[in-house]
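The values are calculated or read from the model by the stated rules, or taken from the named source; none is laboratory data. For clarity, every value in this text was computed on a predicted model and none was experimentally measured. Accessible surface areas use protein heavy atoms only, side chains included; no ligands, DNA or RNA. Shrake-Rupley method; radii C 1.70, N 1.55, O 1.52, S 1.80 Å.
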Amino acid sequence: MANEPWNFEVPTQMRQFAEQSLEQARKAMDGFIGAAQKAATTMETQAAAAQSGAKDVGAKAMGFAEQNIASSFEFAQRLVRAKDMKEFMAIQQEFLQAQMKTMSEQAKDLGSHATKVAMDNAKPKI
C-alpha cells in the first residue's frame, strides 16, 4: 500500500512555495481592493462636488431669471404709463440697452462661475 498514488507526501519546499504564493496573492488582492475602495470614495466625493456645483450654477441662473423677469415687469409698467409715442420709444430703447448690458454681465458671471466650478471639480482631491 505504500505505492498507492493518493498516498504521497508533498515536499516541504513545495508547500513553502505554495504558502508564499498564496500570501503574495492575498497581499496583492488586499492592495487591489484598497485601491478600488479609494477610487470609489474619490469618485463619490467628486460626484457630490459636481452635483453641488451644478446646483450652485443653477441657483445663480434662476436668480438672474428672476431679476430679468422683475425688470421686464417694471418695463411693462413704465410703457403703460408713457404719455406719448416719443416717451414710449425712449423707454423701450432705454430698457433694451439696459437689458443688453445686464445680460452680457450675467452671461460673463455665469460663465466664469461655471468654469470655476468645473476647475474646482477637476482638481484631484487628496
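The residues of the chain expose on average 83 square angstrom of accessible surface per residue, using a 1.4 Å probe on protein heavy atoms. Taking Cα atoms, how many degrees apart are the long axis of helix 12-80 and the longest axis of the chain, rounded to 10 and kept between 0 and 90? So the helix axis and the longest Cα principal axis differ by about 10 degrees. Per-residue SASA remark: Phe95, around 40 Å² accessible (1.4 Å probe; ligands, DNA and RNA not included). Accessible area per residue (1.4 Å probe, heavy atoms of protein chains only) ranks Leu79, Leu96 as Leu96, Leu79, with the largest value leading. Scalar couplings 3J(HN,Hα) for the range 94-106, obtained by applying the Karplus form with A = 6.51, B = -1.76, C = 1.60 to θ = phi - 60°, are 4, 5, 4, 5, 5, 5, 4, 5, 4, 5, 5, 5, 5 Hz; x denotes Gly and Pro. Classify the range 59-100 as rounded, prolate or oblate, taking a ≥ b ≥ c as the square roots of the eigenvalues of its Cα gyration tensor: rounded when a/c is under 1.5, otherwise prolate if a/b is larger than b/c and oblate if not. It comes out oblate by the Cα gyration axes. Cross-link list Lys55/Lys123; Lys83/Lys108; Lys55/Lys108; Lys101/Lys123; Lys60/Lys86: which exceed 26 angstrom alpha carbon to alpha carbon? Check vs 26 Å cut-off fails for Lys83/Lys108; Lys101/Lys123; Lys60/Lys86. Given a 1.4 Å probe and the protein chains as shown, Lys116 ends up with an accessible area of around 120 Å². Rg of the Cα atoms in the range 21-125, relative to 2.2 N^0.38 Å, amounts to 2.03. For Met89, the accessible area of its heavy atoms, probed at 1.4 Å with every protein chain present, is near 100 square angstrom.
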